[in-house]
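Novice: Would you mind keeping the following structure in view while I ask a few things?
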Amino acid sequence: MTLKTVIHALVTGFEPFGVPRPSDNRSWEAVKQLAGQTVETKDATVVCHCHQLPVSYDDVLALVPPLHLGAEFGIVVHCGAGAPGMVRLEKRAHRTGYTRPGNKGPQDLPSGGCVPGYGTADELATAVD
């Protein structure tokens with residue numbers, strides 16, 4: 001009998017945001033249903049861990065980079081609300097162009113619309129399509 005590899009997957013959705021603030025965010029409502037679930041493949045067992053991300057630039061910068069850089073998760077999937085009535089995988093990350101404040105109010109906006117952090121390109125794209 002061959003032992004399968006166990007892979008821990010982090011799947012994220014966002015807290016509600018906007019004005020007026022809705023009672024929920026469909027990305028989190030979809031994602032939280034995966035908490036604790038396992039997915040069996042031919043070679044691995046994938047264990048789903050779910051986390052609701054805040055909609056605040058500073059809070060996301062404190063939470064997300066350590067999750068990406070740590071060894072705990074072999075897979076990280078961020079989900080967003082996308083078009084009305086849909087949930088989409090976040091396929092691109094942008095450092096610039098932010099003009100709307102986060103949930104902490106008007107002061108929750110990065111200077112010049114540019115999020116500091118990773119020291120990477122202005123846009124990162126995933127291979128997932």
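Novice: Have a look at the DSSP beta bridges in the chain and tell me what percent are antiparallel, nearest 5.
Specialist: Of those bridges, close to 35 percent are antiparallel.
Novice: Next question, about the same structure. Sequence neighbours fewer than 8 away in the same chain don't count; with that in mind, list the lysines whose C-alpha is under 28 Å from residue 4.
Specialist: 32, 42
Novice: So for the pair residue 21, residue 3, with labels modelled 7 Å out along Cα→Cβ, what separation do we get in nm?
Specialist: Taking the simple label geometry, residue 21 and residue 3 are separated by 4.6 nm.
Novice: Please work out, to two decimal places, the log10 of the ratio I(q)/I(0) at q = 0.18, 0.21 Å⁻¹ from a Debye calculation in which every Cα of the range 23-109 carries one identical scatterer.
Specialist: Listed by q, the Debye log ratios stand at -0.99, -1.28.
Novice: In the chain, if the dipole is taken from +1 on Lys/Arg beta carbons and -1 on Asp/Glu beta carbons about the Cα centre, which of 25, 85, 110 is farthest to the positive end?
Specialist: The listed residue farthest towards the positive side: 85.
Novice: Which of rounded, prolate, oblate describes the range 76-129, given a ≥ b ≥ c as roots of the alpha-carbon gyration tensor eigenvalues and a/c under 1.5 marking rounded, otherwise prolate only if a/b is larger than b/c?
Specialist: Since a/c reaches 1.5 but b/c is at least a/b, the shape of the range 76-129 is classed as oblate.
Novice: Go through the range 1-99 and name the GluC sites (Glu not before Pro) that are in a DSSP coil and have 12 or fewer other Cβ atoms within 10 Å of their Cβ.
Specialist: Hits after loop and neighbour filter: 72.
Novice: Let me know the longest stretch in the chain that avoids all trypsin sites (Lys or Arg not before Pro) found in a DSSP loop with at most 13 other C-beta atoms within 10 Å.
Specialist: So the longest stretch without any such site is 43-90.
Novice: Okay, moving on. Tally up the carbon and sulfur contribution to the accessible surface of the chain as a whole percent, 1.4 Å probe, everything protein left in place.
Specialist: Roughly 58 percent of what the probe reaches on the chain is carbon or sulfur.
Novice: OK, next. Mind checking the dipole of the chain: about its Cα centre, +1 per Lys or Arg Cβ, -1 per Asp or Glu Cβ, Debye to the nearest 20?
Specialist: With Lys and Arg at +1 and Asp and Glu at -1, about 180 debye.
Novice: Determine the per residue accessible area of the range 21-111 with all protein chains present and a 1.4 angstrom probe, expressed in square angstrom.
Specialist: Ligands and nucleic acids excluded, the figure is 64 Å² per residue.
Novice: Using a 1.4 angstrom probe and counting only protein chains, how large is the accessible area of residue 24 in Å², to 10?
Specialist: Accessible area, nearest 10 Å²: 80 Å².
Novice: Then there's this: Evaluate the distance, in nm, between pseudo-label points positioned 7 Å from the Cα of residue 63 and of residue 43 along their respective Cα→Cβ axes.
Specialist: 3.2 nm
Novice: I'd like the distance separating the alpha-carbon centroids of the range 81-101 and the range 22-48, in whole Å.
Specialist: Here the answer is 19 Å between Cα centres.
The values are calculated or read from the model by the stated rules, or taken from the named source; none is laboratory data. Fair warning: this is a prediction, and the values are worked out from it, not measured in the lab. All Cβ positions, glycine included, derive from the backbone under ideal geometry; neighbour counts span all protein chains shown. To get the accessible areas, we keep the full protein, side chains included, count just its heavy atoms, and leave off ligands, DNA and RNA. Shrake-Rupley method; radii C 1.70, N 1.55, O 1.52, S 1.80 Å.
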